Amino acid sequence: MPFGPLVSAEALLAAPDSVRLLDARPGVEAYAAGHLEGALHADLNSRLSAASEPGFDPARGGRHPLPSLAIWCAQLGTWGIGPETPVVAYDGASGGNAACRLWWMLRAVGHQRVAVLDGGLKAALATGAVPTTARTPASAPRPPYPCAAWLRPTVELAAVERLVADTAWKVLDVRSAERWRGEVETLDPVPGRISGTVNLPYTENLDATGRFKPPAALRELYLPLLGATPPTRLVVHCGSGVTACHTLLALELAGLDGASHFVGSYSEWCRSGRPLGRG
């Protein structure tokens with residue numbers, strides 16, 4: 001079974017038993033009601049971020065800050081994942097919440113054999129052949145995943161403030177155009193954007209079926225946005241650092257990898273007292 005950033009539902013049917021399936025849909029209710037057979041639950045708030053930890057404050061790191069590296073590596077061990085384990089992540093939102101976040105976090109500790117199920121749970125169910133269950137599978141815990149540092153580039157709030165004013169860099173907001181313009185905001189306390197950012201919603205990465213566009217189409221989408229800016233001087237963010245990972249995966253598919261992730265995203269910026277853009 002080949003492992004790129006994506007795997008099709010059809011390829012998943014032929015996957016060996018050694019593949020660790022992870023269901024990244026937020027909250028416990030949907031997972032408990034039914035999930036792909038063999039999938040463990042990778043909840044966004046309690047496993048893929050520090051949002052459930054004592055002292056959590058969205059003004060410091062946003063609504064979904066990364067857990068500490070030690071906690072994340074221990075969690076991977078709890079799921080039975082080691083460097084050689086093939087992993088497939090899926091969700092109910094075509095990778096947007098939060099399978100691509102899980103993909104990025106695994107790649108950020110150096111894990112190579114990880115893919116997102118293209119089209120998510122809907123695509124798997126559409127085959128009519130992928131079994132589902134309400135039972136939680138057994139897993140054999142392992143030692144913490146061996147990693148000494150996050151290996152994918154991230155930037156902090158103060159750096160974003162500098163880079164958004166630097167013409168050699170671009171800062172990309174992947175929220176909807178309406179949220180970027182400050183017309184609506186349902187998740188954060190005040191509408192708006194980081195002034196000086198550009199906008200290309202992550203949903204543009206998908207075709208009409210909810211699957212990722214081909215690499216050539218993604219290149220056509222992002223090359224005009226980048227212009228003379230190399231991907232290594234692109235910072236990607238969203239509301240809370242989750243759907244930004246969808247675009248980071250799309251950029252990798254397009255052969256434009258190397259962008260940095262502002263994990264705190266708008267949810268941290270808008271609580272910092274810094275100026276907001278609108279319109």
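A short reminder: the numbers here are calculations on the coordinates, not readings from a lab. Every value quoted in this text rests on a predicted model; they were computed, and no experiment measured them. Glycine also receives a Cβ, built like all others from the backbone with ideal geometry; neighbour counts cover every protein chain displayed.
Here the chain carries DSSP beta bridges of which approximately 20% are antiparallel, counting only pairs with both residues inside.
A Cα-only calculation for region 6-133 places Rg and Dmax at 14.3, 45 Å. Cysteines in the chain lacking any other cysteine Cβ under 4.7 Å from their own Cβ: Cys73, Cys147, Cys238, Cys270.
Each of Ser68, Ser267 was scored by other Cβ atoms within 10 Å of its Cβ. Listed from fewest to most, they are Ser68, Ser267.
Could you work out which residue, out of Thr154, Thr132, Thr167, moves most in a Gaussian network model of the chain, that is, has the largest mean-square fluctuation with Cα springs under 10 Å? Its mean-square fluctuation being the largest, the pick is Thr167. Placing dummy labels 7 Å off each Cα toward the beta-carbon, the span from Leu69 to Thr229 is 2.8 nm. Peptides 179-191, 98-110, 41-53, 133-145 ranked from most to least packed, by the mean per-residue count of other Cβ atoms within 10 Å: 98-110, 41-53, 179-191, 133-145. Note the angle between two axes, namely the Cα long axis of helix 244-253 and the longest principal axis of the Cα atoms of the chain, as a number of degrees from 0 to 90, rounded to the nearest 10. For helix 244-253, the angle is close to 80 degrees. Per-residue ellipticity at 222 nm, computed for the chain from helices alone with -39500 (n - 2.57) per DSSP H run of at least four residues, works out to -7000 deg cm²/dmol.
The C-alpha atoms of the chain define a longest principal axis, and helix 215-226 lies at about 20 degrees to it. In region 1-109, which GluC sites (Glu not before Pro) fall in coil by DSSP and have 14 or fewer other Cβ atoms within 10 Å? For GluC sites (Glu not before Pro) across region 1-109 that sit outside H, G, I, E and B with at most 14 neighbouring Cβ atoms in 10 Å, the list reads Glu37, Glu84. Over all distinct Cα-Cα pairs of region 201-279, the Kirkwood formula returns a hydrodynamic radius of 13.4 Å. Calculated on C-alpha atoms, the gyration radius of region 115-273 divided by its Kirkwood radius gives an Rg/Rh of 1.02.
Entry note: the chain has Rg to Rh equal to 0.96, where both radii use alpha-carbon atoms and Rh is the Kirkwood radius.
For region 1-65, report the translational diffusion coefficient in µm²/s to the nearest whole number, using Stokes-Einstein at 37 °C, 0.692 mPa s, and a Kirkwood Rh over Cα pairs. So the translational diffusion coefficient is about 236 µm²/s. Size descriptors for region 76-183 (Cα atoms only): Rg and Dmax, in that order, 18.2, 52 Å.
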